[in-house]
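> Sharing a structure, written as C-alpha cells. Questions coming.
The values are calculated or read from the model by the stated rules, or taken from the named source; none is laboratory data. Keep in mind the model is a prediction, meaning the values are calculated, not measured. All Cβ positions, glycine included, derive from the backbone under ideal geometry; neighbour counts span all protein chains shown.
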Ligand code: ZN
C-alpha cells in the first residue's frame, strides 16, 4: 500500500493525526504532493516530519512562494508566506536551518512511477495539474465551466495522475466528469482502461466543508479516500495567536473551507 498526502500547510496536529492513521494501517511508503508550508502556524515542525517520513515530496506553490517568491497570492497568503520564511530563517541551529532550506529548494515538480504492483498503469504525481504542475487548479466545477482544461490534463497522462492544490478530494475522468469521495463511498475502483486525475484533498486545510484531514491510500485495484479527525480548535487557536496570520486562516479550518 502507498499513502498519498498533500497540502499540509504547516498544520502539525493534522499531519501527526494522519501519520498515526497511516501507521495504524501498516503503510510504510508515503508520497507528499507539496504545500508542506504556508498558511499554518508550525512550518518548521511540518518540514521536519515530512523530511523524516515521506519517501518523496513534490514542490507546491506555497513551498515555492516561501523559498522564491509568491505568485498570484492574495494579501493574507502572501503575508503568511513571508512570515513562514522568517520562521525558517530564525532557526538558530545552522545545520538544521540549511537542511530545511535545501530540502524545500530542491523539491521536484513532477514524479512518475509504475503502478504495476497495484494493477495500474503509469502513476504521475504533481501538486497542481499535469500541464502546469505547480500552479494550475483543476476544480470540480471545471467539468462544466472549463471542460477543455480537464481534458487537456487527461490527455497528458498515461493512466493515473495524483494531485492536490485545490484542497477538494475526488476523481476526474473523461466526459469530463467529477466524483466526490462521498459519491464513491470513499473507494474509487480503478478501471485499467480509463484515465483519471485523482485529487487526494488536503491534510492541513480541507475545503470541502468537512474539517477532517484528507488523504488517499493506493491498494490493489483501488484508491481509498480517508478522513482523519484532529484537534482543529487547538490549531485554530495557534493561528489566532500569530498576528501575521490572518484570523480567517484559523476560522476556515473549523469550517473546512
Ligand atoms: Zn495548498
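> Determine if region 244-253 includes at least one residue that is part of a loop (DSSP other than H, G, I, E, B), in contact (Cβ under 8 Å) with a residue 12 or more places away in the chain and under 16 Å from the mean Cα position of the chain (by Cα).
Looking only at region 244-253, we keep the residues that are part of a loop (DSSP other than H, G, I, E, B), and these are 244-246.
The next check asks that each one be in contact (Cβ under 8 Å) with a residue 12 or more places away in the chain; those that pass are 244-246.
The next check asks that each one be under 16 Å from the mean Cα position of the chain (by Cα); those that pass are none.
There is no residue in region 244-253 that is part of a loop (DSSP other than H, G, I, E, B), in contact (Cβ under 8 Å) with a residue 12 or more places away in the chain and under 16 Å from the mean Cα position of the chain (by Cα).
> Within region 149-201, which residues are touching a helix residue (DSSP H, G or I) at 6+ places or on another chain (Cβ under 6 Å) and touching a residue at least 60 places away in the same chain (Cβ under 8 Å)?
197
> Now for a separate question. Regarding region 146-156, can at least one residue be identified that is outside any helix (DSSP H, G or I) and either touching a strand residue (DSSP E or B) at 6+ places or on another chain (Cβ under 9 Å) or within 16 Å of the ligand (Cβ to nearest atom) (or both)? Talk me through it step by step, then tell me what you get.
Step one: filter region 146-156 for residues outside any helix (DSSP H, G or I), giving 146, 156.
Among the residues that remain, those that are also either touching a strand residue (DSSP E or B) at 6+ places or on another chain (Cβ under 9 Å) or within 16 Å of the ligand (Cβ to nearest atom) (or both) are: 156.
Among the residues of region 146-156, at least one is outside any helix (DSSP H, G or I) and either touching a strand residue (DSSP E or B) at 6+ places or on another chain (Cβ under 9 Å) or within 16 Å of the ligand (Cβ to nearest atom) (or both), which makes the answer yes.
> Right, something else. Considering only region 93-140, state which residues are within 16 Å of the ligand (Cβ to nearest atom) and assigned to a strand (DSSP E or B).
125, 126
Listed here are the residues, each with its yes/no results for (1) buried (at least 19 other Cβ atoms within 10 Å of the Cβ); (2) modelled with pLDDT of 95 or more.
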residue	(1), (2)
60	yes, yes
72	no, no
130	yes, yes
139	no, yes
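Rundown of residues vs (1) over 14 Å from the mean Cα position of the chain (by Cα); (2) more than 13 Å from the ligand (Cβ to nearest atom), yes/no style:
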| position | (1), (2) |
| --- | --- |
| 1 | yes, yes |
| 11 | no, no |
| 26 | yes, yes |
| 36 | no, no |
| 40 | no, no |
| 52 | yes, yes |
| 57 | no, yes |
| 71 | yes, yes |
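> Residues to consider are 66, 37, 47; find the one that is farther than 28 Å from residue 173 by Cβ, touching a helix residue (DSSP H, G or I) at 6+ places or on another chain (Cβ under 8 Å), modelled with pLDDT of 95 or more and not in a helix (DSSP H, G or I).
Values: 66 fails: not in a helix (DSSP H, G or I); 47 fails: not in a helix (DSSP H, G or I).
Matching residue, one of 66, 37, 47: 37.
> So is residue 32 under 23 Å from residue 105 (Cα atoms) and away from the ligand (no atom under 16 Å from the Cβ) or not? Working first, answer last.
Working: under 23 Å from residue 105 (Cα atoms): yes; away from the ligand (no atom under 16 Å from the Cβ): no.
No; evaluated as a whole, the condition is false for this residue.
> Here's a follow-up. Any idea which of 54, 77, 20, 14 is buried (at least 24 other Cβ atoms within 10 Å of the Cβ) and out of contact with any helix residue (DSSP H, G or I) (no Cβ under 6 Å at 6 or more places or on another chain)? Before you say what the answer is, go through the steps one by one.
Details: 54 fails: buried (at least 24 other Cβ atoms within 10 Å of the Cβ); 77 fails: buried (at least 24 other Cβ atoms within 10 Å of the Cβ); 20 fails: buried (at least 24 other Cβ atoms within 10 Å of the Cβ).
Answer to the check: 14.
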